[in-house]
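Following: one structure in structure tokens, then a few remarks.
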Amino acid sequence: MNFSEVFKQSNQLCKVSPDGKYLATCVQYRLVVRDMSTLQILQLYTCLDQISHMDWSSDSLFILCAMYKRGLVQVWSLEQPDWHCKIDEGSIGLLSSRWSPDGRHILNTTEFHLRITVWSLCTKAVSYIKYPKACQKGIDFSRDGCYMALAERRDCKDYVSVFVCDDWHLLRHFETETQDLGGLEWSPNGCVLAVWDSCLEYKVLLYSLDGRLLSTYSAYEWSLGVKTVTWSPSSQFLAIGSYDEKVRVLNHITWKKITQFEHPATINNTKAVVYKEVERRPAVGADDLSLHNITIGTTLFNTQSKYEICPPPVQIPVVKPDPDRANPKIGVSTLAFSSDSRYLATKNDNMASVVWVWDMQNMSLEAVLEQCSAVRCFQWDPRRPRLALCTGNSKLYLWSPAGCVSVEVPTEGGFQVQSLNWHCSGDSLILLGKEQLLKLTETQRTLEYTSGLPSHTHLAGNV
Amino acid sequence: MGEWWTTVPIGTSMGNYEASRISHATMSPSRQNNYVSMYSLPLSKSSYSVISAFCTEDNISPCISYINQELDSLGLSSICIEASSPGGAGLSAVPALNAMYELLQIHRRNMCTLEELEKEQLKKTSSLEHMQMNNSRLKDQLELSIREKSGLHETERQLQLKIKTLQSCLKTEKDEVQKLQNIIASRASQYSHDAKRKEREASKLKERLSQLLVDRKDKKLAIDVLNCLGRSDGRRSHWKTAKATASHEGEMYKSLLSDYEASQRSLMLENAELKKVLQQMKKEMIHILSPRQSSSRRATADDTQEQVDSDGEEKAGDSSRETLDQSCEHAREQLTNSIRQQWRKLRNHMEKLDSQASQVQNQLESNKEVIPRETHDEEMERMRHEVQQCKEFIHTQQQLLQQQLNTSFDDETAALLNDCYTLEEKERLKEEWRLFEEQKRNFERERKNFTEAAIRLGREKKAFQEDRATWLKNQFLNMTPFTDRRRCSSSDGHSALSIRSEPEMRISSTNTQPAKSSTYATFSTPKPTQSATVPSTTELYRTLRLIPDSSSSRHSNRGFWQESSTTEDGDARFKSKSRVRCGDLSIFSLGEDENSLT
């Protein structure tokens, strides 16, 4: 593996262009565009204020920089550096800003979810969509960019509007059978819209593109319900993570539950491999504590870690949530399917240091990664069934069916990986620290390489 | 016992004999017995005291009579004690002794019975005691159980009480739950109502806010673009029209339709696959069931009904198979039905098999018992014996081997080895014979070839002679003026023949057939005459470069092969060698002939 040098960034704003050629990062009020392969600066734009949000247009030609505090959006062109566009939402305030799938419209959500303003870069036209609902995920574009589903709230009732993104024509508008709509998401094939209720009620509704209710699913009543919903890339499964620490998987034909994955505190499953990260502090002798060594950097104090395979039964550390507080830290909040829909990675919030990987073919637990600290972020390789995760320390962890490795990020001054992003080719990875970022390129297939080794081998530093 | 003692004072207190006598007469026999026994003991004169004495010097006769009376009453009437002399003090000894003896006997008997009775009484008292103890124990037990019973009753009562209280608790809890639920429901409704109210307020506020914003004509709200961009798809934007709406709808339905089509296709595929599996299963079931069922049917008489059924099923199955490809509902139903039936059959069959298996097992077990132990043992014994034999055999073999390895060659082994060697030699000889035979065959073949060649040569020689004759004639004719031209033509004509002339000569020498030699002689005779006048044939050939020079000609008498091969020496040598071997062969072949004769 090759580690690039460390670059600055702020607000974790760092995105690879959809075509994979460029890397845009924000440093305070500057936008820096680099070449992905060489990391040479290609363009440098200066915004009016500190950037709070940045996004690439789908054609990788424009970059949107939003400054929410100022209610401003600035758009930059990669092809014409002197082209500029500035959108001012005025006194109404700005809550979020996003590109439309065609890359020629910008959708701004104003404060208090008063309205969504659609700005056209082609005609300078502005249109409003009223009554957007303030919820977990109230807006979703279909994968092909044709349709936009928007959750609305009118007269204390939930509605869904389906727009044609092409000309913002309202295609369908229907009321949903929800108490308090929590979110909506298109299936990857763009034909089914999953709508779920807020956490007070376990209810998942499936609507066809033309607004017909296909099915309703409810696992239980009374207690806190759905926490997150994710489609598999094949549109075949709908995984629902809930507050009862379970993931329920619905099929796409009958919309009934196929299976449910439980997250027990004691793993007795003999088929699953439990990888446990074991930290090992290097012994520091008294003479090593000279000033010289300390000035070298904190790498001295970095702990080494490796994975060990634990035979079942394995006890997993569980944090009991405080019942008096809202939004209890319990239940499955993060779900991610691998790109081939073969595996599902989940995280249960009261077992924050554990990532579970499920095999969707056998509908069984495949692996459990028990980290030393809470998992911050995990993401699947967009090409291969390979999971990268970070826990806010100086290590990157990778899992594949072949095994599990931890990779130390060899930087001076301790690079703490807070977040990570795969490049669309799956060959490189952007690691985001608190104020820095670096690119990690694979010179050889790390996990394929490790597959020959015992799966829990620790690979440190420059491999 | 007490009675015994009491009598004594009675007896002794009697001052008067008469009175005592009367009283004694009325006494019970047992008492009299006692009485008698008492007096029978101290009868010796020395021992009795005067005071207590029954009989004194004065009253002997009344005593005697009294005793006699007593004896009579005791049933000893035969014995009668008499005074030895009437009125005298003495007694006649014999009857008195007899009476005494009798009395003693009676006394002993009585003592014995008494003892027995005492024993019995003891026994009785002990058993009585035992009984009493038992009784008391049982009484205790009874008391205890009664107490226990009461205790249990008490606990039961308490438990019932508890249940009652718990039930009441439950009821109150239920009530509580109900109340709480009501509270929750009311609160929820209140909350939702409030939420709705607040939401309405919020929406109103939002409305107002947006209105205000619109009214204020927010100048800041603006887009500032350097120059407008083209659409990403390159088209120009168009107006919203009904047509556009329709097209959107159309597109939506199109995409929906395509999705449904795709899903239908995948479902069809899956269905087809499942159908295939079903069909396969059915086929296999039929295959499995048909032959065995028939056999089982034969076995059991009550299966005839089933047979009829199954026949019907099979028919149905066949028909369903035919119609399956049409994949209409009817066919599907039939297929599933037939599968179901087949499955039932299979299950029945399996059950039957199971039962059969268990039966067989039972039979086997019973059979095991049926096999007589003796035969089993016999068999075992036989087998053991065999094993023993085999072991011995192996052992001896091992021993022999060991011996052979250990001991040096003694006579026996030497003889054995010799035998081995002779055998080996024999083998070798046989091999050689085989070789010789082969060679002999080769030789014969060669000889045949040889003779054939000889015959051919003879013929050729003849032709040659004729040729020579003509040639000689020509020679003679050469004297004529046209000699040169003619000779040329004739030599050309003979060149081919001349090659063969050499072997011809050789054959004659080797075969040494008289006929040929004679011809040779006749042939040779004209030679000198020729040499004188004309160049000899050899000379001629040499000039014509048709035969090798003298060295080769020297070899010529060795054999036919060397000559014929006009090639190098090595080859010739080989040939000669082969010939030599041929000679050898002949010798061997003779030997073989001898062998064959013997």
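Read-outs throughout are calculated quantities, based only on the coordinates presented, and are distinct from any laboratory measurement. What you see is a predicted model; the values in this text were computed from it and never measured. Counting neighbours? That spans all protein chains shown, and the Cβs are built from the backbone with ideal geometry, glycine included.
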What lysines sit close enough to B:LYS473 to cross-link, taking a C-alpha to C-alpha distance under 30 Å and skipping anything fewer than 8 places away on the same chain? B:LYS461, B:LYS462, B:LYS516, B:LYS527
Give me the distance in nm between label points sitting 7 Å out from Cα along the Cα-to-Cβ direction at B:GLU333 and B:TYR191, one decimal. 5.3
For segment A:329-452, average projected area of the Cα convex hull in nm²: 7.8
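Report relative contact order for segment A:1-130 in percent, whole number only (criteria: Cα-Cα under 8 Å, sequence separation at least 6).
Values: 283 pairs, mean separation 17.0, N = 130.
13 percent.
Quick one: compute the contact order of segment A:131-262, relative version, from alpha carbon pairs under 8 angstrom and 6+ residues apart, as a percent. Walk me through the numbers on the way to the answer.
Working: 324 pairs, mean separation 18.7, N = 132.
For segment A:131-262, the relative contact order is 14 percent.
Given an 8 Å cut-off on Cα distances and at least 6 residues of separation, report the relative contact order of chain A as a percent. Provide the component values of the computation, followed by the final result.
Working: 1179 pairs, mean separation 48.9, N = 463.
Reported as a whole number, the value is 11 percent.
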For chain A, alpha-carbon Rg over 2.2 N^0.38 Å: 1.03
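Work out, in µm²/s and without decimals, the Stokes-Einstein translational diffusion coefficient of segment A:76-124 at 37 °C, 0.692 mPa s, Rh from Kirkwood over C-alpha pairs.
On the way: Rh = 11.7 Å.
Answer from the Stokes-Einstein relation: 280 µm²/s.
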Between B:SER355 and B:ALA272, what FRET efficiency follows from the Cβ-Cβ distance if R0 is 35 Å, with the result rounded to 0.05? 0.35
In Å³ per residue, the alpha-carbon convex hull of segment A:147-224 encloses 81
Could you give the nm distance between label points at B:ARG137 and B:ALA93, where each point is 7 Å from its Cα heading toward the beta carbon? 6.5
In nm, to one decimal, how far is the A:GLU308 label point from the B:HIS130 one, both placed 7 Å along Cα→Cβ? 7.6
In terms of modelled amide H atoms, which long-range or inter-chain residues lie less than 5 Å from the amide H of A:SER353? A:VAL375
Show the residues, 5+ positions off or on another chain, whose built amide H is closer than 5 Å to the amide H of A:ASN393. A:VAL417
Taking only Cα atoms of segment A:81-200, the Rg to Rh ratio with Kirkwood Rh works out at 0.98
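Above 23 Å lies some portion of the pair distances; for segment A:131-262, what is it as a whole percent of all C-alpha pairs? Write down the numbers at each step before the final one.
Working: 2273 of 8646 pairs.
Percentage above 23 Å: 26.
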Amide H contacts of A:VAL274 (H built 1.01 Å from N, under 5 Å, at least 5 apart or other chain): A:CYS310, A:VAL368
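May I ask you to sort B:ARG344, A:ARG376 by Cβ crowding, counting other Cβ atoms within 10 Å and putting the fewest first?
On the way: B:ARG344 12, A:ARG376 18.
So the residues, fewest neighbours to most, are B:ARG344, A:ARG376.
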Using the Karplus curve 6.51 cos²θ - 1.76 cosθ + 1.60 with θ = phi - 60°, what ³J(HN,Hα) values do you get for each residue of segment A:180-195, in whole Hz, with x for Gly and Pro? 8, 4, x, x, 8, 8, 6, 6, x, 7, x, 10, 10, 10, 8, 10
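How large is the translational diffusion coefficient of segment A:1-130 in µm² per second when you combine the Kirkwood radius over alpha carbon pairs with Stokes-Einstein at 37 °C and 0.692 mPa s?
Working: Rh = 15.0 Å.
Once the numbers are plugged in, D ends up at 218 µm²/s.
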